[in-house]
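Only one structure is covered here, and it is reproduced in the block below.
The values are calculated or read from the model by the stated rules, or taken from the named source; none is laboratory data. Remember, predicted model here, so these are calculated numbers, not experimental data. Reconstructed Cβ throughout: ideal geometry from the backbone, glycine too, with neighbour counts over all protein chains shown.
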Amino acid sequence: MRLRQKLVLLTTLSKGLMAGVLLLALPWAIEVFALRHTEARLRGELVKVRQRIERVGVTSFLRGQEEDQRLHYDLLEDEFIDLRRGGQLHPISRDTIATLPRRQQGEMVDFRVLRASFVHDGQPYTLEIGKSMESVEDVYGLLRSFAAYALVFAVLSTLLIELGVINYLLRPVDQIVQRLRAVQGPTPPPLPALQTSTWDFRYLDDTIQQMLQKIRTVFEQEREFIANVSHELLTPISILQNRFENMLQAENLPEEAETQLVTSQKTLQRLTATLRTLLLISRIENAQFARPDRVDIRELLGEVVEELDYRLLDQHITLRQQLEGTPTMAPANRTLLFTLFYNLLSNAIKYNLPEDGRIALTGAPQADGAYILVIHNTGKPIPAEQLPHLFERFRRFDDGRVEGFGLGLAVVRSVAQFHFIRITAESDEHGTSFTLRLPPPVSLSE
């Protein structure tokens, strides 16, 4: 699972857990809040009634009613005030609040009642102020609905914000991956510094830059060594070949010695071909070739097929071409591209079926101006674990019955990188396919 997916999952689970806890605690919290709010209102009304009693006296409340009690409801009978004169003196008790039944429109209904006792002019009085629990529950339901909507809105909005922040913070990771994927070969050009304010990503980018620089340095040293050794070895090999030729021209040369000399010459020829191939790879990687040409790929493939035609006939291999559009490479080096396609088609013949094999050349232009070319052969499939190493030097994946030193595809990779061609290989029971993505041609005057 990717880091972004893990962070999104963690954020979603944490928000879900938080929402669940709040939804469980929300009814109780709102109920407590509604009751506390109601009790605060009752105490406020109690203070007002006591102040009025102190100002105008108790008799103004009890006048016109029974001498010892006055009970007053509001219009909807949701609230009441009950003032009673006590029967005897007793110590003043603390105010109490409780939920008590009271009659409302002929029915017994629960009220939240604040009861207070006080003494006025030597007489004990009991004052009760109540509010219907039904009205309290209405407020409670309203608050609960509002809180639920607010909670959902808060969770969704914070989740979306966090997702956006996660995508923003992890954007440098995608940039680093894209930069690494854009690296073609072990000697990429220096990359610009990563634009980010996150120290961790800057540290990661600096570490990758240092690693690439070390790889570049080691590879340049290796490339220089191979070039020097190959060049130095060609001279003594050439001398040995001349000596062998002179020895073969000698009179009265025993047949056994002649056979050994011929075998040695063949070995030197193979060694010479290997060294020249290594020199070619080194020169390509050192960018010692120019790219002055505009190459018609269809025409170039025709020349390659014509040169390999005798091998196709010998193995009874059918070659089919289906190239759409006009594939063109510019700027390019025609000779190197010829070598690239020659090696690919030569391998397609070499590793094809012994008899009645098939090779297909298909291609189509892309919307961005690039061109996709596929070379498919019906040979024995290459194991999947060996595909990533297919273009490495001296890699052989056959059973040894085919001659070669494993440098053909290494040359293909070097030429492809030199021309900014992306090449990939796939293999299954139907055969092996090499897919080349040719970049859009550029005017040679640019």
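Overview of values
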{"item": "Only listed residue being of a type outside the set (Gly, Ala, Ser), part of a helix (DSSP H, G or I) and over 58 Å from the mean Cα position of the chain (by Cα), chosen from ARG223, ARG243, ARG216", "result": "ARG243"}
{"item": "Subset of the range 274-307 that is free of Cβ contacts under 8 Å to residues at least 60 places away in the same chain and small (Gly, Ala, Ser) - its residue that is nearest to VAL374 (Cα to Cα)", "result": "GLY302"}
{"item": "ARG393, sole failed condition from (1) of a type outside the set (A, V, I, L, M); (2) closer than 19 Å to LEU279 by Cβ; (3) under 36 Å from the mean Cα position of the chain (by Cα); (4) modelled with pLDDT of 90 or more", "result": "(4)"}
{"item": "Any pair with Cβ under 8 angstrom, 6 or more apart, that starts in the range 375-393 at a residue that is hydroxyl-bearing (Ser, Thr, Tyr) and ends at one that is modelled with pLDDT of 85 or more", "result": "THR378/ASN352; THR378/LEU353; THR378/GLY357; THR378/ARG358; THR378/ILE359; THR378/HIS430; THR378/GLY431"}
{"item": "Tally, over the range 246-266, of residues that are among the charged types (D, E, K, R) and not in a helix (DSSP H, G or I)", "result": "1"}
{"item": "Within the range 144-187, considering residues that are over 21 Å from LEU24 (Cα atoms) and touching a Ser or Thr at 6+ places or on another chain (Cβ under 9 Å), the one modelled with the lowest pLDDT", "result": "GLY185"}
{"item": "Hey, ASP356 touching a residue at least 40 places away in the same chain (Cβ under 8 Å), out of contact with any strand residue (DSSP E or B) (no Cβ under 7 Å at 6 or more places or on another chain) and acidic (Asp, Glu) or not", "result": "yes"}
{"item": "Count - residues of the range 280-325 that are among the acidic types (Asp, Glu) and part of a loop (DSSP other than H, G, I, E, B)", "result": "1"}
{"item": "Pair list, Cβ under 8 Å, 6 or more apart: the range 309-331 residue free of Cβ contacts under 8 Å to residues at least 60 places away in the same chain, other residue part of a loop (DSSP other than H, G, I, E, B) and of a type in the set (D, E, K, R)", "result": "GLN315/GLU355; HIS316/GLU355; HIS316/ASP356; ILE317/ASP356; THR318/ASP356"}
{"item": "Any hit, the range 136-150, residues being closer than 24 Å to HIS37 by Cα, β-branched (Val, Ile, Thr), surrounded by 12 or more Cβ atoms within 10 Å (Cβ to Cβ) and assigned by TED's automatic domain parsing to the domain that holds ARG85", "result": "yes"}
